[in-house]
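Here's the structure, in structure tokens; my notes come after.
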């Protein structure tokens, strides 16, 4: 029985390695400006420091935003009550489960789209990426089916098992900060999924977002209610 067990374990390992093999290859180089390998630091208006990474023609924050103010100094409302978050049509932020001690430095803040829409959420010289800028990153990393594995962070204590096919080629270090629903203000999905706003809206009520999963290398594009609470990554102005 022990021999059979080890044979089955070996087969599973081979399947995993074979299935992930294509994700460990380096993406093709881009023509033109290439910031790949450049690492720096940027500070928000609250003096929080964020590592930044160059990936192709773009420079991204390598951590989720956690500012409590817009870059013009305007204080953002922190909404704790579910009943107030529920379809609240004004800028607001929160911490997952309203626990800043456990979640702020790891997963960052959750913001509704009305906060993104101000155009002042990121530090000066940075902005919330457009849907097309996410697409540029995803295409560089091999498309939607592969890019998730190349963006996810390694830390198993931050991602639920199975965090499959992790490569994190460029130290983007995506983490699953979960979400807060516009409906009843419910929290969900921390450690299982990450959700990030784009700055591109479909209409007055819906904006586009991106999502990563613990069980997949996929990165998905969604049409999301403006009242949802999602993470934010900033990208440097060109």
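A few remarks follow.
- Odd one out for residue 171 among (1) touching a strand residue (DSSP E or B) at 6+ places or on another chain (Cβ under 6 Å); (2) on the phi < 0 side of the Ramachandran plot: (2)
- Residue in the stretch 102-110 that is at pLDDT below 95 and either more than 18 Å from the chain's Cα centre (by Cα) or more than 20 Å from residue 212 (Cα to Cα) (or both) present: yes
- Pairs are defined by a Cβ separation below 6 Å, a sequence spacing of at least 6 or placement on different chains, a first member in the stretch 81-105 that is free of Cβ contacts under 8 Å to residues at least 60 places away in the same chain, and a second member that is outside any loop (DSSP other than H, G, I, E, B) and surrounded by 12 or more Cβ atoms within 10 Å (Cβ to Cβ); the pairs so defined are 90/114; 91/114; 91/115; 95/103; 95/104.
- Any pair with Cβ under 9 angstrom, 6 or more apart, that starts in the stretch 130-147 at a residue that is touching a residue at least 60 places away in the same chain (Cβ under 8 Å) and ends at one that is part of a helix (DSSP H, G or I) and surrounded by fewer than 17 Cβ atoms within 10 Å (Cβ to Cβ): 138/144; 142/22; 146/22; 147/139
- Within the stretch 180-196, the set of residues being part of a strand (DSSP E or B) and either at pLDDT below 95 or over 22 Å from residue 149 (Cβ atoms) (or both) comprises 180, 187, 188.
- Count - residues of the stretch 33-80 that are under 20 Å from the mean Cα position of the chain (by Cα) and without any contact (Cβ under 8 Å) to a residue 12 or more places away in the chain: 2
- Flag if residue 156 is surrounded by fewer than 20 Cβ atoms within 10 Å (Cβ to Cβ) and at pLDDT 95 or above: no
- So residue 80, is it surrounded by fewer than 16 Cβ atoms within 10 Å (Cβ to Cβ), touching a helix residue (DSSP H, G or I) at 6+ places or on another chain (Cβ under 7 Å) and either closer than 25 Å to residue 147 by Cβ or modelled with pLDDT of 95 or more (or both): yes
- Matching residues in the stretch 222-238 - criterion: being touching a residue at least 40 places away in the same chain (Cβ under 8 Å), outside any loop (DSSP other than H, G, I, E, B) and in contact with a strand residue (DSSP E or B) (Cβ under 6 Å, 6 or more places away or on another chain): 224, 229, 230, 231, 235, 236
- Condition met for residue 231 (surrounded by fewer than 23 Cβ atoms within 10 Å (Cβ to Cβ) and either at pLDDT below 95 or touching a helix residue (DSSP H, G or I) at 6+ places or on another chain (Cβ under 8 Å) (or both)): no
- Single residue of the stretch 23-63 satisfying the filter (modelled with pLDDT under 95 and closer than 16 Å to residue 167 by Cα) that is surrounded by the most Cβ atoms within 10 Å (Cβ to Cβ): 23
- Selection status of residue 148, more than 16 Å from the chain's Cα centre (by Cα), surrounded by 14 or more Cβ atoms within 10 Å (Cβ to Cβ) and over 21 Å from residue 66 (Cα atoms): no
- Just one of (1) part of a loop (DSSP other than H, G, I, E, B); (2) surrounded by 20 or more Cβ atoms within 10 Å (Cβ to Cβ); (3) out of contact with any helix residue (DSSP H, G or I) (no Cβ under 9 Å at 6 or more places or on another chain) fails for residue 215. It is (2).
- Just one residue in the set 95, 134, 85 is under 23 Å from residue 227 (Cβ atoms), over 20 Å from the mean Cα position of the chain (by Cα) and surrounded by 21 or more Cβ atoms within 10 Å (Cβ to Cβ); that residue is 85.
- Qualifying residue in the stretch 165-175 (condition: at pLDDT 95 or above and either under 14 Å from residue 229 (Cβ atoms) or in a helix (DSSP H, G or I) (or both)): no
The values are calculated or read from the model by the stated rules, or taken from the named source; none is laboratory data. What you are looking at is a predicted structure, and each value in this text was computed from that prediction instead of being measured. Because the Cβ atoms are built from the backbone with ideal geometry, glycine has one as well, and the counts that use them run over all protein chains shown.
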